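For reference, the structure is listed below as structure tokens.
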Amino acid sequence: MSRTVRPRFDILVVGGGPAGMAAATRAGEHGQKVGIIDDNATLGGQIWRGESEAGSAASRWGERLRSSGAMVLCGRVFHQPEPRILLAENDDGLQELHYEKLILATGARERFLPFPGWTLPNVMGAGGLQAMVKCGLPVRGKRVVVAGTGPLLLAVAAYLRKHGAEIPIISEQASWMSLARFSVMLFAQPSKIVQGLQLKRQLAGTRFCAKSWPVAASGRATVETVTISRSRRMETIPCDYLACGFHLVPNIELPLLLGCQIHDGCVKVDDFQRTTVADIFCAGEPTGIGGVELALVEGEVAGLAAAGRIAEASSLFGKRERLRRFARSLDRTFRLRSELRSLSLPETIVCRCEDVRYSRLREHSGWRAAKLQTRCGMGPCQARICGPATQFLFRWNPDSVRPPIFPVRVESMAGVAGDANLELCETTGGR
């Protein structure tokens with residue numbers, strides 16, 4: 001496959017969620033030639049997908065982005081063949097993207113923890129189920145148990161209920177004490193209080209249980225029941241879906257590939273969102289899970305700083321710090337409890353791509369040994385599911401990221417086969 005698309009930008013933004021949209025908008029508004037690329041045809045990320053109401057934040061930023069003159073591209077970035085060039089793949093072929101400055105806004109994904117039955121059909125991520133409903137999956141009259149941890153659970157439950165689903169229970173692993181302390185923090189964020197009251201009204205009558213988590217799902221062809229631990233008592237609940245997610249994990253694979261320094265699982269940045277690599281900035285969830293408001297402000301700072309508007313970027317520091325305090329409280333509140341490490345049985349599958357069970361993994365002392373001996377993390381998802389799970393279960397840390405960071409077509413790999421720097425991973429996605 002030939003590299004037929006070779007756009008050049010002053011500033012390239014990777015990721016089309018709120019942070020990426022804000023970064024591209026602010027840079028474009030100051031005369032920069034800006035490109036923004038995302039693997040979805042429409043921008044907004046998971047948080048704003050399908051949100052187009054006039055006057056909404058998604059609508060306002062969408063209008064500003066269009067007015068800024070930024071070029072919107074659809075594709076999935078998978079490799080850097082040389083400095084200031086990224087390769088992306090889409091349905092039309094290979095894109096070779098040239099840039100002077102780069103802003104990474106790669107977002108986050110749900111964290112999944114293995115437990116007996118978690119691989120059954122209709123057991124899925126909370127955000128994943130929400131996305132499927134947005135794309136047309138009917139849930140009216142379906143019983144959906146929502147379980148895990150984090151504010152996403154409430155938002156998903158409210159959305160599903162709005163679309164006709166029955167929510168028997170919302171199971172939150174954080175304790176009532178932690179949630180109470182978090183509620184006090186909300187008084188410093190009036191917009192969060194408003195959101196919380198709206199969710200409370202939308203979920204009126206829905207049972208909410210703290211210090212509670214799923215221990216097993218069962219069923220024949222699909223999930224039929226889920227067993228929930230509630231203060232050491234077990235309750236089995238019939239359901240058609242189990243929407244489960246244990247907060248979020250930053251997407252740091254591309255920053256790692258580009259050589260950006262990582263600290264505590266997040267991309268390290270300075271006051272202007274600059275990473276440790278020259279002319280590469282990072283904004284949003286890869287720098288720490290903090291919600292859409294923080295992602296927007298960080299995106300603005302990154303876009304302004306990349307465009308050389310240092311004074312304007314500096315004016316946002318105070319607002320960003322207030323939102324970061326909230327983010328730190330979020331992290332403390334929804335930190336995973338140690339009891340969740342004991343959910344897996346010896347036969348529980350941990351790596352779904354390669355069918356690697358818990359009993360095989362616990363024999364090893366680290367990620368690399370487990371990967372070499374069991375192929376854990378070497379399937380199509382490239383450790384995006386099992387990597388965070390084993391990090392929590394065994395305190396392992398993946399020690400490297402190699403291109404392609406996403407599965408790509410064989411034709412795309414052939415297009416870069418002459419690149420001496422390309423290290424092929426064992427799975428190219430050409431299955």
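The values are calculated or read from the model by the stated rules, or taken from the named source; none is laboratory data. These figures come from a predicted structure and were not determined experimentally. No Cβ is skipped: glycine too gets one built from the backbone with ideal geometry, and neighbour counts run over all protein chains shown. Side chains included, ligands, DNA and RNA excluded: accessible areas come from the protein's heavy atoms. Shrake-Rupley method; radii C 1.70, N 1.55, O 1.52, S 1.80 Å.
At-a-glance table
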{"read-out": "Ranking by accessible area, most exposed first, for TRP396, TRP176 with a 1.4 Å probe", "value": "TRP176, TRP396"}
{"read-out": "Portion, in percent, of the accessible area of segment 344-399 that falls on carbon or sulfur, probe 1.4 Å", "value": "45 percent"}
{"read-out": "Total charge dipole magnitude, segment 112-246, about the Cα centre, Cβ charges on Lys, Arg, Asp, Glu only, Debye to nearest 20", "value": "320 debye"}
{"read-out": "Dimensionless Rg over Rh [the chain; C-alpha; Kirkwood]", "value": "0.96"}
{"read-out": "Solvent exposure of the chain as accessible area per residue, Å², 1.4 Å probe", "value": "45 Å²"}
{"read-out": "Proximal charge balance of LEU152 [Cβ under 13 Å; K/R count +1, D/E count -1]", "value": "-1"}
{"read-out": "Gyration tensor (Cα) of segment 344-399, equivalent ellipsoid semi-axes in angstrom", "value": "14, 13, 11"}
{"read-out": "About the Cα centre, charge dipole magnitude for the chain (Lys/Arg +1, Asp/Glu -1 at Cβ), debye", "value": "1560 debye"}
{"read-out": "Amide proton proximity set for PHE9, modelled H, under 5 Å, gap of 5+", "value": "HIS98, TYR99, GLU100"}
{"read-out": "Gyration tensor verdict on segment 97-177 (Cα atoms; rounded if a/c is under 1.5, prolate if a/b is larger than b/c, oblate otherwise)", "value": "prolate"}
{"read-out": "Label-point separation, GLU363 to TRP176 (7 Å along Cα→Cβ), nm", "value": "4.6 nm"}
{"read-out": "Amide H contacts under 5 Å for CYS244, placed H, 5+ residues apart", "value": "MET124, GLY125, ALA126, ALA147"}
{"read-out": "For peptides 19-29, 37-47, sequence by mean Cβ density within 10 Å, most packed first", "value": "19-29, 37-47"}
{"read-out": "Rounded to the nearest 10 Å², the accessible area of LYS268 at probe 1.4 Å", "value": "100 Å²"}
{"read-out": "Backbone HN-Hα couplings from phi across segment 309-319 [Karplus 6.51/-1.76/1.60, Hz, Gly and Pro as x]", "value": "8, 5, 5, 5, 4, 4, 5, 9, 4, x, 4"}
